[in-house]
1. Tell me, please, whether a residue that is more than 26 Å from residue 207 (Cβ to Cβ), assigned to a strand (DSSP E or B) and more than 16 Å from the ligand (Cβ to nearest atom) can be found in the range 92-102.
2. Scan the range 165-197 for residues that are under 20 Å from residue 56 (Cα atoms) and within 15 Å of the ligand (Cβ to nearest atom) and jot them down.
3. Only one of 302, 295 is closer than 17 Å to residue 225 by Cβ and at pLDDT below 75. Can you tell me which?
4. Determine the pairs where a residue that is assigned by TED's automatic domain parsing to the domain that holds residue 89 and within 11 Å of residue 28 (Cα to Cα), located within the range 45-57, has a partner that is within 6 Å of the ligand (Cβ to nearest atom) and in a loop (DSSP other than H, G, I, E, B) with Cβ atoms under 6 Å apart, the partner being 6 or more residues away or on another chain.
5. Working only within the range 60-78, note down all residues that are buried (at least 19 other Cβ atoms within 10 Å of the Cβ) and under 14 Å from residue 162 (Cα atoms).
6. Restricting attention to the range 57-72, which residues are at positive phi and outside any loop (DSSP other than H, G, I, E, B)?
7. Taking helices (runs of 4 or more DSSP H) that fall entirely within the range 105-190, which contain at least 2 residues that are closer than 22 Å to residue 204 by Cβ?
8. Any residue at all in the range 43-56 that is in a strand (DSSP E or B) and either within 10 Å of the ligand (Cβ to nearest atom) or buried (at least 23 other Cβ atoms within 10 Å of the Cβ) (or both)?
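The values are calculated or read from the model by the stated rules, or taken from the named source; none is laboratory data. Being a predicted model, the structure only gives us computed values, none of them experimental. Positions of Cβ are backbone-derived with ideal geometry, glycine not excepted, and every protein chain shown enters the neighbour counts.
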Ligand SMILES: Nc1ncnc2c1ncn2[C@@H]1O[C@H](COP(=O)(O)OP(=O)(O)OP(=O)(O)O)[C@@H](O)[C@H]1O
């Protein structure tokens, strides 16, 4: 029995090279990308790894050299006219009138594209701008401007939203607001594809991710799958007398290593058990941190040895068994 997951985006063997001053520059190198319908999908990789090029190919803005692409099961760019109405994308900052309010800007846009005027209030609420809708666009922070751009794409009521590095240049509060907006959209049933070179930023909001390096997929799956299997069972314990505490924990059959004033404990079933064992002997834990890896460290591990300027080795994308659920239909 095969389980087929509905895909919003699927690419196979996607490839694109640019020519710059006579030299061939590979931007996307045989990319197999699967974005499931529903949820936030992080399209992650360092600068220059081919994310923007991929998005532009999907939107018909750049022509692929070879490979296939499907959006909601329609071959693109051939059948783009049939699916384009279901796709909203922000690849560049749209132009708004600086002296008009956010609401007026959206109303004008809605009129222009023939959207239901009632949608203006809905999308303002979607992006958390209802309270500031009467203020002039030029008084908006960068984060608010970015959210108004998202609101503008929502006027089409698309099923798939594509955001290319939407948090570039934003402060932590702005980044959080964009993250919450994306989460809210996914919770309403939309599919959100968000590209970013900051893995940690997207890790918090994405349901599934693809990690690319030098135009190739290096990992794909749910965030939990990618980091879960790499999470060590190690817990870092801060305690005033680590020597005695270490002996007590070792007596439980757990492996204990010293790390400065900390203990690294392997094999304890829960953090609570560690605190219980120590507290029974009058030793109190002041810090207890699970030592876990994040997407950044997964990425570094998967691309280890591939220094800048070197080509990714010609091995299957399923290397390390990382291509997991959310993967191919
Ligand atoms: N129009 C172009 N002409 C020539 N080379 C290009 C062009 N656009 C992109 N490239 C090159 O292709 C490679 C991939 O670039 P791309 O912008 O797709 O990556 P990215 O992952 O989106 O990076 P970033 O996060 O910096 O936008 C880079 O080496 C880039 O220099």
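1. Scanning the range 92-102, I find at least one residue that is more than 26 Å from residue 207 (Cβ to Cβ), assigned to a strand (DSSP E or B) and more than 16 Å from the ligand (Cβ to nearest atom), so the answer is yes.
2. 165, 166, 167, 168, 193, 194, 195, 196, 197
3. Only one candidate passes the filter, namely 302.
4. 51/45
5. 71, 72
6. Of everything in the range 57-72, just one residue is at positive phi and outside any loop (DSSP other than H, G, I, E, B), namely 67.
7. 142-154, 172-187
8. yes
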